[in-house]
Amino acid sequence: MRNNCSQIVVENFFEPGILYLLLKKPSYGYELQKDLKKQCICEVNIGNLYRCLSRLNKQGYVKRMAVKSKIGPKKYSYTITDNGKIYLSSWIDGLKKQKDVISLLIKNYKKIF
């Protein structure tokens with residue numbers, strides 16, 4: 001049994017967060033991780049973030065570009081594609097529907113308690 005249901009997170013919620021951030025500007029993995037926490041209030045393990053970016057890249061929703069670094073290995077910058085913008089729009093539509101369902105549950109709960 002869960003002791004704290006408020007910590008339940010929508011599965012893969014950081015995915016639309018990544019796409020949203022890339023809609024604003026191209027970015028690097030670690031920068032995305034920082035911005036997800038700051039702008040989307042969503043913490044994600046860096047390994048999960050890179051797995052998600054890899055999957056989004058394979059699906060054609062983001063594009064990965066190698067950037068030479070003055071020190072150390074090359075870095076990869078990510079940008080959202082036109083298909084990624086369409087995919088993000090579908091995510092937003094789905095999240096709006098979920099918001100309505102959750103809001104209705106809270107409203108009905110408050111009527112009783």
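The values are calculated or read from the model by the stated rules, or taken from the named source; none is laboratory data. What you see is a predicted model; the values in this text were computed from it and never measured. Backbone-built Cβ (ideal geometry, glycine too); neighbour counts: all protein chains shown. The area values use the complete protein model at the heavy-atom level, side chains included, leaving out ligands, DNA and RNA. Shrake-Rupley method; radii C 1.70, N 1.55, O 1.52, S 1.80 Å.
For a Förster distance of 25 Å, can you work out the FRET efficiency between the beta-carbons of residue 106 and residue 38, rounded to the nearest 0.05?
Details: r = 26 Å, r/R0 = 1.06.
Working from the Cβ atoms, E equals 0.40.
Sequence gap at least 6, Cα distance under 8 Å: using those rules, report the relative contact order of the chain to the nearest whole percent. Intermediate values should be presented prior to the final figure.
Numbers: 97 pairs, mean separation 28.0, N = 113.
Relative contact order for the chain comes out at 25 percent.
Calculated FRET efficiency, residue 97 and residue 25, Cβ-Cβ r, R0 22 Å, to nearest 0.05? Show your work: numbers first, answer last.
Numbers: r = 28 Å, r/R0 = 1.28.
Between residue 97 and residue 25 the formula returns 0.20.
Provide the per-residue ³J(HN,Hα) series for the stretch 72-77, in order, calculated from phi with Karplus coefficients 6.51, -1.76, 1.60 and θ = phi - 60°, each as a whole number of Hz, with x at glycine and proline positions.
After applying 6.51 cos²θ - 1.76 cosθ + 1.60, I find x, x, 5, 10, 10, 9 Hz.
Run lengths n ≥ 4 of DSSP H only: what is the helix-derived mean residue ellipticity at 222 nm for the chain, with -39500 (n - 2.57) per run over all residues, to the nearest 500? If you can, show how the numbers build up before the last one.
On the way: 4 runs with 66 residues, N = 113.
So the calculated ellipticity at 222 nm is -19500 deg cm²/dmol.
Could you work out the Rg to Rh ratio of the chain, with Rh taken as the Kirkwood radius (inverse of the mean 1/r over all Cα pairs)? Let's see the in-between values first.
Values: Rg = 17.0 Å, Rh = 15.8 Å.
In the chain, Rg relative to Rh is 1.08.
Would you mind checking the pairs 38/107; 25/74; 37/63; 37/110; 38/111 and listing those with alpha carbons more than 24 angstrom apart?
On the way: 38/107 29 Å; 25/74 19 Å; 37/63 22 Å; 37/110 30 Å; 38/111 34 Å.
Beyond 24 Å between Cα atoms: 38/107; 37/110; 38/111.
Of the accessible area of the chain, with the probe set at 1.4 angstrom, what percent is carbon plus sulfur?
56 percent
Quick check for you: with a 1.4 Å probe and neighbouring chains kept, what is the accessible area per residue of the chain, in Å²?
Details: 8710 Å² over 113 residues.
Counting only protein heavy atoms, the per-residue value for the chain is 77 Å².
So for the stretch 59-113, averaging the separation of alpha carbon pairs under 8 Å that are six or more residues apart and normalising by length, what relative contact order in percent results? Show your work: numbers first, answer last.
Values: 37 pairs, mean separation 15.2, N = 55.
Result for the stretch 59-113 is 28 percent.
Given DSSP loops and a limit of at most 13 other Cβ atoms within 10 Å, what is the longest stretch of the chain that contains no such trypsin sites (Lys or Arg not before Pro)? Working shown, then result.
Values: sites that count: 2, 68, 70, 74.
Between the exposed loop sites, the longest stretch runs 3-67.
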